[in-house]
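Asks: I'd like to ask some things about the structure below.
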Amino acid sequence: MAWFKKEKNKVSKKVKVPEGLWVKCNSCKEIIYRKEVDRNLMVCPKCNYHFRISAGQRISLLADNGSFTEMGQYLASKDPLNFKDQITYKERLKDSQKKTNIKEAATAGRALIGNHPAMLVVLDFAFMGGSMGSVVGEKFVIAAEKAAEEAMPLISVASSGGARMHEGIVSLMQMAKTSASLARFKETGLPFISILADPTFGGVSASFAMLGDIIIAEPKSLIGFAGPRVIEQTIKQQLPENFQTAEFLLEHGMIDMIVNRKELKQTVIKLLSLLVEK
């Protein structure tokens, strides 16, 4: 009897599992060992769902090792409307800066990609949903102008909920500003490659993200302007299956290709070697 009690106590002990050891896939809902996902470039090994990654991870994925030089890193957003909802806009910015360890949703700079010089602009969804305010727009314009000046291709990676409402009309004007800078850039004959990650919506999709000479999307990325629920309520119709996915957009001619994250850098290198004169 004593032996039974001892074994019972032994079984009832709880094993502590370190936090963050497992991750749940947003697509197939499988529980996966995090290290396995990390080794797979943050792609689900079960269903090929591409998890969101930071701007820094994205740059490491695309740029040759040690080649990235950031521009505009000291630019900071203002609060023209003294905006406040649950907390003030200034507090939201500070919270996002602390959480992500970056100053803004966009990171821009020069890089080598397979030894091809290129200008990169990367949005980080973790910073206020990758929203486009005055600084994001300004960084994109600086990158486009420098790319034209230095005769190098421009590459952007979008992952955004759209224009940043906290800056009102100032954020909406970034749609026109970035589009105008691209029109000037395209006069050079150099390529603009736009990469769409999950999700790309609102004012970002309605401006520079869909103006690429080549538009690439990661698998299963959600891409559109308004969300499907808003569209259904507006048109009073049920939307097609897989509406607003990268696969749906490719089928309807809205993007040029869908590329797995593992193959993204090599695909960009191939495009640069074809589109840029040496």
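The values are calculated or read from the model by the stated rules, or taken from the named source; none is laboratory data. Note that the structure is predicted; figures quoted are calculated from it, not measured. With ideal geometry, Cβ positions are generated from the backbone for all residues, glycine too; neighbour counts draw on all protein chains shown.
Asks: Where the second residue is of a type in the set (A, V, I, L, M) and assigned to a helix (DSSP H, G or I) and the first is within 16 Å of residue 124 (Cβ to Cβ) and modelled with pLDDT of 95 or more and lies in the range 85-99, which pairs have Cβ atoms under 8 Å and are six or more apart or on separate chains?
Replies: Qualifying pairs under 8 Å: 92/128; 93/128; 96/128.
Asks: Would you call residue 226 modelled with pLDDT under 95, of a type in the set (A, V, I, L, M, F, W, C) and either part of a helix (DSSP H, G or I) or within 18 Å of the chain's Cα centre (by Cα) (or both)?
Replies: Yes.
Asks: Give the range 181-202 a look and list any residue that's within 14 Å of the chain's Cα centre (by Cα) and assigned to a loop (DSSP other than H, G, I, E, B), or say none.
Replies: 201 - this is the single residue of the range 181-202 that is within 14 Å of the chain's Cα centre (by Cα) and assigned to a loop (DSSP other than H, G, I, E, B).
Asks: Turning to a different aspect of this structure: Within the range 162-180, track down each residue that is surrounded by 20 or more Cβ atoms within 10 Å (Cβ to Cβ) and in a loop (DSSP other than H, G, I, E, B).
Replies: 162, 164
Asks: So which residues in the range 203-214 are under 11 Å from residue 191 (Cα atoms) and either in a strand (DSSP E or B) or β-branched (Val, Ile, Thr) (or both), if there are any at all?
Replies: Of everything in the range 203-214, just one residue is under 11 Å from residue 191 (Cα atoms) and either in a strand (DSSP E or B) or β-branched (Val, Ile, Thr) (or both), namely 214.
Asks: For the list (1) more than 16 Å from the chain's Cα centre (by Cα); (2) in a loop (DSSP other than H, G, I, E, B); (3) in contact (Cβ under 8 Å) with a residue 40 or more places away in the chain, I need the number of the one condition that residue 219 fails.
Replies: Of the numbered conditions (1) more than 16 Å from the chain's Cα centre (by Cα); (2) in a loop (DSSP other than H, G, I, E, B); (3) in contact (Cβ under 8 Å) with a residue 40 or more places away in the chain, the odd one out for residue 219 is (1).
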